[in-house]
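Here's the structure we're looking at; comments come further down.
No value in this document is a laboratory result; all are computed from the given coordinates. The model shown is predicted, which means the values in this text are computed figures rather than measured ones. Every residue, glycine among them, receives a Cβ derived from its backbone with ideal geometry; neighbour counts consider all protein chains shown.
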Amino acid sequence: MFEERRVHNMITDDAFEKYCKAGEIAARVREEMKRTIKEDMPIINICDKAEEMIKNMGGKPAFPCNVSINEIAAHYTSPMNDEKRVPKGSLVKVDVGVQIDGYIADTAITVCFDPEYEGMIHAAEQALETAIKIIRPGISTSQLGSEIQRVIEQCGFKPVSNLTGHQIGRYMIHAGKSLPNVSHLTANRINEGEVYAIEPFVTLKDAAGRVKNGSESYIFRFIKRRPLKSAESLDLLKYIEKNFYTLPFAERWLKEFFYKRQYRCAFSNLLESKCLVAYPVFVEVSQKRVAQAEHTVYVRSDGAVVMT
């Protein structure tokens, strides 16, 4: 259904233009969030503003805006009526995704309200810059990971070993190959014409350097249709598939269903029947703070084009 004509392993001009447009929007939203976020700000206001900006500029969110704070490394987005606020002295990671006709740009920034942790942001950004300079057709993902790890460790910090960058496909945020931020054994190599989100995650030198699943899940994704006995569940599933297809969504995006009497049972039924999958928040194992930097790149014969 979503196959795209390719010429000499390159994406089409139309696809490239849509990636560029998505990237332009994502970059503008990211920079606006950097200027906007303040201590004690309601997290839901950040999510709502980012997602509204994306829509106003002609895109659609590729996933809910992530606002992951301190030891939460990724996958926190506000639930409906979220009352959480940005803590004083915190490290705030904002990750936004934009899609134009299924072509996705993914980018992130870390905002720091404690000067003690500014070095972590610098390490993440330096590692990202290094990866962008060296990524090219033929390079192994192992070599890329080794260089990211080297830069982070030279800065006096530790990479998060089980969070990775990732190849991006049409309507697929995680498509095919991963880009670990550490040295690893693999036969995977980068090819011309591929699109990747490069995203180093950095923590303190004495941290575990790994994440685990937290107890909360606020991001979900449609998996497949299955037989459902409840009419309410079937209607909700049809709405989710039509509006989000294979891309992640937040439960607060289902406002028109939220106040229906049978909504909670219907949503639980979709999870239990495995029509949907939930993404738990990722928490650094030793509860140490995490910083992140991210760009989406298109790999040409002579290197990378930064889309975001």
Label-point separation, Leu271 to Arg300 (7 Å along Cα→Cβ), nm: 4.6
Karplus-derived HN-Hα couplings along the stretch 266-278 (A = 6.51, B = -1.76, C = 1.60, θ = phi - 60°), whole Hz, x at Gly and Pro: 5, 5, 4, 5, 5, 6, 5, 7, 6, 6, 10, 10, 9
Read-out percent of Cα pairs over 27 Å apart, derived from the coordinates shown; its label in (1) 39; (2) 53; (3) 42: (3)
Candidate aspartates and glutamates for bridging to Lys18, where Cα separation is under 16 Å - those fewer than 8 sequence places away on the same chain excluded: Glu3, Glu4, Asp101, Asp106, Glu194
Interchain or long-range residues, amide H under 5 Å from Ile104's placed H: Tyr171
Gyration tensor (alpha-carbon) shape descriptor, the stretch 218-281, a/c threshold 1.5: rounded
Partner lysines for Lys288 [C-alpha distance under 26 Å; skip if fewer than 8 residues away on the same chain]: Lys34, Lys38, Lys84, Lys88, Lys93, Lys158, Lys205, Lys212
Pairs beyond 22 Å (Cα-Cα), from Lys60/Lys229; Lys60/Lys255; Lys21/Lys60: Lys60/Lys229
Cut-off under 5 Å, modelled amide H: who pairs with Gly214 long-range: Val281, Phe282, Val283
Expected 222 nm ellipticity per residue - DSSP helices of 4 or more, -39500 (n - 2.57), all of the chain, to 500: -10000 deg cm²/dmol
Spacing of the two label points (7 Å from each Cα toward its C-beta) at Ala175 and Glu241, in nm: 2.2
Residue-span extension gain [Gln143 to His122] - 0.36 nm each, minus C-alpha spacing: 5.4 nm
Amide H partners (placed H, <5 Å) of Ile219, local residues excluded: Tyr279
Shape of the stretch 82-130, Cα gyration tensor, a/c cut at 1.5: oblate
By average C-beta atoms within 10 angstrom, highest first, the peptides 123-131, 150-158, 266-274: 123-131, 150-158, 266-274
Cα gyration tensor, the stretch 1-138 - rounded (a/c under 1.5), prolate or oblate: oblate
Contour excess over end-to-end distance, with Cα ends at Ile132 and Ile223 and 0.36 nm allotted per residue: 29.5 nm
Kirkwood-based Rg to Rh ratio, the stretch 168-287, C-alpha trace: 1.06
Exposure proxy order (Cβ contacts within 10 Å, fewest to most) of Lys18, Lys177: Lys177, Lys18
Neighbour-count ranking [beta-carbon atoms within 10 angstrom, fewest first] of Thr164, Thr36, Thr186, Thr203: Thr186, Thr36, Thr164, Thr203
Separation between Cα centres of the stretch 174-221 and the stretch 236-308, rounded to whole Å: 16
